Amino acid sequence: MENLVKFEHPLFIIDMMYARKNNMTGRAVYEEIGYGNNAYMHKDTAAALLQIVPILREKNLKMRICDAYRPPLAHQKMLEIIPFKGFFAATPERSNHCHGTAVDVCLTDANGNNLPYPTEVDAYEPRFQQQVCAGDFSEFQNHLKKARQDYSEAAAEALENRAFLRLLMESCGFEAIQHEWWHYNLSGWQKYPVIDWK
Ligand SMILES: [Zn+2]
């Protein structure tokens with residue numbers, strides 16, 4: 001974990017969703033493995049993210065980080081809790097979070113209230129857990145359409161916020177993915193290996 005740094009900055013709110021119970025797994029997996037509510041990431045990812053600071057200052061905004069580096073052990077646990085294809089990457093190798101090169105983020109106002117977006121930062125909301133674990137994916141799959149970058153039926157303000165976040169992240173060295181508006185990969189992520197946690 002020599003390339004991992006603990007990301008901390010007054011304009012960033014560290015709110016790791018797997019360090020608390022209200023996520024799709026229903027468990028505080030990051031607490032269980034001793035990782036806690038910390039946003040570690042590859043030092044190159046941290047350097048890119050810090051480029052956002054002047055824009056946050058100028059716009060009087062903050063950024064909420066809901067996931068960053070994910071220890072492979074945590075990822076394995078998550079796969080055990082939700083053993084369905086299409087939820088979490090099939091192996092830690094396939095999740096950029098385990099490489100320290102992905103962040104799940106949104107912008108907030110100066111008081112830390114999330115700006116409106118088409119869904120919560122993580123559309124894999126706890127309310128879907130029961131249905132999904134009972135094998136009923138219909139409502140959940142429908143909801144996931146709203147997480148896509150090309151979903152256009154949300155309120156104009158939500159779409160504008162999603163577009164601004166993307167502009168901001170792409171201008172600071174990140175790449176968007178099509179199916180999760182909150183997830184960003186560091187450009188060049190392909191060359192970074194999985195990082196083990198302690
Ligand atoms: Zn993510």
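Observations, loosely collected:
- Any chance Val194 is among the aliphatic types (A, V, I, L, M) and either modelled with pLDDT under 95 or assigned to a strand (DSSP E or B) (or both): no
- Taking the criterion of being within 12 Å of the ligand (Cβ to nearest atom), in contact (Cβ under 8 Å) with a residue 40 or more places away in the chain and assigned to a helix (DSSP H, G or I), the residues of region 79-116 that qualify are Asn96, Cys98, His99.
- Taken over region 44-60, the criterion of being surrounded by 14 or more Cβ atoms within 10 Å (Cβ to Cβ) and either assigned to a helix (DSSP H, G or I) or without any contact (Cβ under 8 Å) to a residue 60 or more places away in the chain (or both) is satisfied by Asp44, Thr45, Ala46, Ala47, Ala48, Leu49, Leu50, Val53, Ile55, Leu56.
- Tally of residues being in a loop (DSSP other than H, G, I, E, B) and surrounded by 15 or more Cβ atoms within 10 Å (Cβ to Cβ) across region 126-148: 1
Residue-wise test of (1) within 16 Å of the ligand (Cβ to nearest atom); (2) aliphatic (A, V, I, L, M).
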site	(1), (2)
Tyr18	yes, no
Lys21	no, no
Ala28	no, yes
Met41	yes, yes
Ala47	no, yes
Ile52	no, yes
Arg64	yes, no
Arg70	yes, no
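The values are calculated or read from the model by the stated rules, or taken from the named source; none is laboratory data. All figures in this text were calculated on a predicted structure; none of them were measured in a lab. Neighbour counts are summed over all protein chains in view; Cβ atoms, including those assigned to glycine, are modelled from backbone coordinates with ideal geometry.
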